Amino acid sequence: MFFDTTFLKNNEINLVLERTSDRDDEKGWVPAYYFAICNQEGIKMGVCDLRIGHNDNLYYGGNIGYSISEEYRGHHYAGKACLLLFELAKMHQLEYVIITCNPDNYASRKTCEYAGGELLEIVELPEGNNMKERGDTEKCIYKFVVV
């Protein structure tokens with residue numbers, strides 16, 4: 001079940017729902033929301049998503065993903081989007097969410113710190129993980145308590 005998301009905004013950004021996806025047990029995917037991160041004028045500055053649930057895939061891939069277009073970086077838009085997504089996570093009764101990033105992605109690490117994450121560990125990706133197949137080797141695992 002997906003919720004209305006029109007409340008996901010603050011005085012700087014609006015999260016505009018672009019699509020949702022259903023659970024796919026065969027692939028180990030959970031339901032997800034996909035958003036554009038827009039400014040108050042409606043200009044798309046980046047994207048983010050929220051994956052609902054917890055499983056082994058999400059421990060390494062995270063519940064939240066984000067990307068900000070280069071010209072809009074440096075204003076904490078990804079962190080502010082995460083704070084809004086935490087409200088949606090609460091509606092789905094998630095007690096915590098995981099966000100992961102590569103250890104050398106300092107901008108993403110700063111985003112996780114900005115949003116109040118606790119670094120649980122830096123872990124080597126297990127064999128067979130699709131991110132490892134794409135060339136990643138390690139992930140920083142951040143936990144955010146959202147209840």
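The values are calculated or read from the model by the stated rules, or taken from the named source; none is laboratory data. Owing to the predicted nature of the structure, the values given are computational and were not obtained by experimental measurement. Note that we place each Cβ from the backbone using ideal geometry, even for glycine, and neighbour counts take in every protein chain shown. With ligands, DNA and RNA removed, areas are computed over all heavy atoms of the protein, side chains included. Shrake-Rupley method; radii C 1.70, N 1.55, O 1.52, S 1.80 Å.
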Inter-residue pairs, beta-carbon under 7 Å, first free of Cβ contacts under 8 Å to residues at least 40 places away in the same chain and in the range 9-32, second open to solvent by 100 Å² or more (accessible area, probe 1.4 Å) and in a loop (DSSP other than H, G, I, E, B), 6+ apart: Trp29/Arg23; Val30/Arg23; Pro31/Asp22; Pro31/Arg23
Hits in the range 129-145 (condition: over 16 Å from Asp104 (Cα atoms) and assigned to a helix (DSSP H, G or I)): Asn130, Glu133
Grab the strands (runs of 3 or more DSSP E) fully contained in the range 1-73, keeping just those with 3 or more residues being open to solvent by 40 Å² or more (accessible area, probe 1.4 Å) and touching a strand residue (DSSP E or B) at 6+ places or on another chain (Cβ under 8 Å). 13-21, 44-51
Inter-residue pairs, beta-carbon under 6 Å, first more than 14 Å from Gly28 (Cα to Cα) and in the range 127-139, second assigned to a helix (DSSP H, G or I), 6+ apart: Lys139/Tyr60
Output the number of the condition that Lys90 fails; it satisfies all remaining conditions of (1) touching a helix residue (DSSP H, G or I) at 6+ places or on another chain (Cβ under 9 Å); (2) modelled with pLDDT of 95 or more. (1)
Can you tell me which residue is most open to solvent (accessible area, probe 1.4 Å) among those in the range 92-109 that are without any contact (Cβ under 8 Å) to a residue 24 or more places away in the chain and of a type outside the set (S, T, N, Q)? Tyr106
